[in-house]
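Encoded as structure tokens, the structure appears first; notes follow it.
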């Protein structure tokens, strides 16, 4: 994992490839030595009993989309997050990218920097982002998209939910306000983000799948 370049170590991190690790192999799907046991009726009954005792989330867990499935505004946000995290030296590229968004591109860039700074300074845990060029979208990237989209659509509860999953409690108000300002700047450029999910449950650290 590569930490974001900053004056101090940042808990905001890139996802790196760990397919060769035992953990990644263990999470990979496909036939294996455990397949026979998993198909045994006794095991299936025990699994159903455990599952029935777990309360369902408020809404079903949404599959993480690919970058190609995102709207133009969502793609801009994902690209900016990854580019900003990759290197501070890439700010000229960020400027050019936001200028392509329209006349309000520079205002959107300034608002993005405020949102990024709030997330980087107050994130409550390690946040995971794919690298530039990767076609996947991580759960944390999806949460940030949801936070901005919720602010654009006036979904206060959803914004607070996404915000609280990203930063410490004391900074939720700050990140929600920053996301609101960024959302307004994007809307001024004609970019509106769809609210794909109002709540995205956190996954256990050992259940994040393969990293890219």
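Sorting 107-115, 67-75 by average packing, meaning the other beta carbons within 10 Å per residue, from highest down gives 107-115, 67-75. The overall shape of segment 63-205, judged from the alpha-carbon gyration tensor, is rounded, with an a/c ratio under 1.5.
Read-outs throughout are calculated quantities, based only on the coordinates presented, and are distinct from any laboratory measurement. Note that the structure is a prediction, hence the values are computed from the model and not measured. Cβ: placed from backbone, ideal geometry, glycine included. Neighbour counts: every protein chain shown.
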